[in-house]
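Right, one structure below, let's go through it.
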Amino acid sequence: TENRSDLEDLHLYATPREQRFRRFASLEFEGQLYMTPYDFIQAVTSDEPKRKQEFYNAKTARENELNQILMETPPVWKGSSKLFRNLNEKGVISYTEYLFLLCILTKPHAGFRIAFNMFDTDGNEMVDKKEFLVLQEIFRKKNEKREKRGDEEKRAMLRLQLYGYHTPTNSVLKTEGEDLVPRSYWDTLRRSTSQALFSDLAERADDISSSLSDTTLLVHFFGKKGKAELNFEDFYRFMDNLQTEVLEIEFLSYSNGMNTISEEDFAHILLRYTNVENTSSYLENMRCSIPEEKGITFEEFRSFFQFLNNLEDFAIAMQMYNFASRSIGQDEFKRAVYVATGVKLSPHLVNTVFKIFDVDRDDQLSYKEFIGIMKDRLNRGFRGYKPIQRYTTFKSCVRKELYSR
């Protein structure tokens, strides 16, 4: 009971991302917590774990059980957009890998090359296991800057849970006099990997490798012996498959086996992880503006989220068009999306987006409001999920209106 209480107390010293990882992680090995591929999918598509579990009640795995799980990991050239679903419980993902995968989910395809080059510290167009493990130190260093002050023993226990080893408090990167905390883990990668060439960070990766257990990603990328190297084509395919898989899971959870989801369900998905207080007004506006349900296909659904991953470029394009201070029409919006991101949105999809966000129904979209809401959406999983009332069809909405009169 006393040990259980200590583990509960650790939640008070954890950041929001650490808290979420601990809440969904279902495996523990030698004091370190791991997610299964199933846990990761749940963490990015659901507000709470579907199975009843607590961060202090993870299943303890033995070494032979862990090795057996990793034996079933396919090589990277056998990857697909069903990799995580096929592995299900047969895999282990560390905390730093969880952060890395979150970065990838919200980045445009052009960013995959940047990510690969950041790992390729020797510039040989291949990434080996040692280079990839630099990720451990980069994310650990960022977390050190964000750690909440308090009981040093509890903080050390939390580091052991998340990283699998006790970490020194002295800086590894040569950043003396620098007190700047980057805004995101992606920014941290961009900043810190460039410093890896001029620091002892790469050498530190040798120590990390000897003290850490293998994971599903490490075996998938670098083989069971850890000697293989990862080229950009395989790296790109893995990242593209990951984005596609998460979107497929979200889409299928609403499509009920059909080829489309309703416009209302599309709105529900868009608004579920945002700071919008009165979501019902957006949904009601859309119901009245689209009298007949046509449906959103998966290709339309995927193209919109590809656009969202390019949101920063879109915002710059809009500023160049001088639309930042005023509302815009559908044609202007569609052209700006294509120019900035190369993504072509269908007329029906653009019309649906406008009907969701065009609260005053003037067929104009408030640029600032739209950008703000969609930036919230990119922070999936770290804002409270707000249940939104759903109707199975638009006809049921009409019936409800009639009976209310």
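Details
- Annotation note: Cβ proximity below 8 Å between a residue of the range 317-341 that is acidic (Asp, Glu) and a residue that is surrounded by 14 or more Cβ atoms within 10 Å (Cβ to Cβ) and modelled with pLDDT under 80 (sequence gap 6+ or interchain) occurs for GLU332/TYR321; GLU332/PHE323.
- Only listed residue being over 22 Å from GLU250 (Cβ atoms) and of a type in the set (D, E, K, R), chosen from LYS344, LYS368, LYS355, LYS294: LYS368
- Filter result for VAL337 (under 23 Å from the mean Cα position of the chain (by Cα), more than 18 Å from LEU247 (Cα to Cα) and open to solvent by less than 10 Å² (accessible area, probe 1.4 Å)): yes
- If the condition is being of a type outside the set (S, T, N, Q) and either touching a Gly at 6+ places or on another chain (Cβ under 7 Å) or assigned to a loop (DSSP other than H, G, I, E, B) (or both), then the range 221-247 contributes GLY223, LYS224, LYS225, GLY226, LYS227, ALA228, GLU229, ARG237, PHE238.
- Tabulated pairs, the range 92-111, first under 13 Å from ALA25 (Cβ atoms), second of a type in the set (Asp, Glu), C-beta under 8 angstrom, 6+ apart or interchain: ILE93/ASP39; TYR95/GLU18
- Residue in the range 339-351 that is aliphatic (A, V, I, L, M), under 30 Å from ASN256 (Cβ atoms) and not in a helix (DSSP H, G or I) present: yes
The values are calculated or read from the model by the stated rules, or taken from the named source; none is laboratory data. All of these numbers come straight from a predicted model, not from anything done at the bench. Positions of Cβ are backbone-derived with ideal geometry, glycine not excepted, and every protein chain shown enters the neighbour counts. Calculation scope for accessible area: heavy atoms of the full protein, side chains included, ligands and nucleic acids excluded. Shrake-Rupley method; radii C 1.70, N 1.55, O 1.52, S 1.80 Å.
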